[in-house]
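Before any comments, here is the structure.
The values are calculated or read from the model by the stated rules, or taken from the named source; none is laboratory data. Everything numeric here is computed off the predicted structure, so don't read it as measured data. Note: ideal-geometry Cβ built from the backbone for every residue, glycine included; neighbour counts use all protein chains shown.
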Amino acid sequence: MYKKQMGFQKIACMAALISAAVVFVYSLGILTDLYDTLYGTMRNPNDLTQTLVPGSIIYYDMQDFNRTYMHLGLGLILLAVLLFVTNTHVRRRYYVGNIVATLLFCAASAGVNLWAHAKIAAYKVQYLTTVDFEALKSYAEMWKQTYSDSTLLLDLHIPVTVLSFLAVAALVVNLIWKLNMMRSEAKLIAQGKGAAA
């Protein structure tokens with residue numbers, strides 16, 4: 001049983017690191033489509049009311065969120081690395097450091113992903129309801145620019161969030177499994193000592 005649990009804890013820690021890396025990479029690319037289609041329509045970055053496409057201000061509205069999201073993605077990577085620094089992936093018995101590292105990552109990952117989900121869903125609604133797609137299409141044809149009304153990059157936050165929560169679930173299951181096994185082992189040792197006395 002220990003072999004299965006030890007194998008699972010390696011997978012859970014690796015899943016945490018991968019999910020954190022995916023959040024970070026996603027944060028780097030989330031504005032790509034908006035940049036390609038909307039950035040050029042803002043004729044004067046010092047006066048965002050001067051635009052050829054009403055609603056294109058969303059590109060600027062998302063900048064602070066995107067910067068914060070990227071920093072939080074880096075933070076998640078560091079917390080995932082902490083799992084490996086504390087040997088959470090290979091340790092036979094968990095100590096306070098292993099439990100703290102696991103709970104820190106789980107809380108941070110869940111918090112970041114819930115926050116990002118709420119923000120991105122709101123930005124998607126803003127994009128779909130405020131951008132004048134007819135004006136955007138005319139602009140793209142006139143200036144031979146890329147035209148896209150796709151929300152694919154905004155929608156990708158859903159699989160990113162699901163992946164992150166699967167990693168969190170794996171770490172929680174692993175922690176419960178590990179603590180139960182340690183408790184069982186302690187009972188067996190205590191029974192052995194009692195029988196020897």
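Worth a mention:
- Residue list for segment 103-120, restricted to those being touching a residue at least 12 places away in the same chain (Cβ under 8 Å) and among the small types (Gly, Ala, Ser): ALA108, SER109, ALA110, ALA116
- Scanning segment 122-143 for residues that are under 30 Å from LEU78 (Cβ atoms) and either in contact (Cβ under 8 Å) with a residue 40 or more places away in the chain or surrounded by 14 or more Cβ atoms within 10 Å (Cβ to Cβ) (or both) turns up TYR123, LYS124.
Condition check ((1) at pLDDT below 95; (2) small (Gly, Ala, Ser); (3) under 21 Å from CYS13 (Cα atoms)) across all residues:
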residue: SER56; (1), (2), (3): yes, yes, no
residue: MET62; (1), (2), (3): no, no, no
residue: VAL81; (1), (2), (3): no, no, yes
residue: ASN98; (1), (2), (3): no, no, yes
residue: ALA101; (1), (2), (3): no, yes, yes
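- Selection from segment 90-102 of residues that are closer than 18 Å to ILE18 by Cα and in contact (Cβ under 8 Å) with a residue 60 or more places away in the chain: VAL90, THR102
- LYS187 assigned to a helix (DSSP H, G or I), under 25 Å from the mean Cα position of the chain (by Cα), more than 18 Å from TYR39 (Cβ to Cβ) and basic (Lys, Arg): no
- Selection count, segment 1-52, where residues are surrounded by 14 or more Cβ atoms within 10 Å (Cβ to Cβ), among the β-branched types (Val, Ile, Thr) and not in a helix (DSSP H, G or I): 2
- First in segment 154-178 and of a type in the set (Asp, Glu), second anywhere and modelled with pLDDT of 95 or more and surrounded by fewer than 21 Cβ atoms within 10 Å (Cβ to Cβ), Cβ under 9 Å, 6 or more apart: ASP155/LYS124
- Residue among TYR94, TYR147, TYR139, TYR123 that is modelled with pLDDT of 95 or more and either of a type in the set (Gly, Ala, Ser) or in contact with a helix residue (DSSP H, G or I) (Cβ under 8 Å, 6 or more places away or on another chain) (or both): TYR123
- Only residues that are of a type outside the set (A, V, I, L, M, F, W, C), surrounded by 14 or more Cβ atoms within 10 Å (Cβ to Cβ) and part of a helix (DSSP H, G or I) were counted across segment 92-115, and they come to 5.
- Filter result for ALA118 (buried (at least 17 other Cβ atoms within 10 Å of the Cβ), modelled with pLDDT of 95 or more and not β-branched (Val, Ile, Thr)): no
- So LYS3, is it on the phi < 0 side of the Ramachandran plot, among the basic types (Lys, Arg), out of contact with any helix residue (DSSP H, G or I) (no Cβ under 7 Å at 6 or more places or on another chain) and touching a residue at least 60 places away in the same chain (Cβ under 8 Å): no
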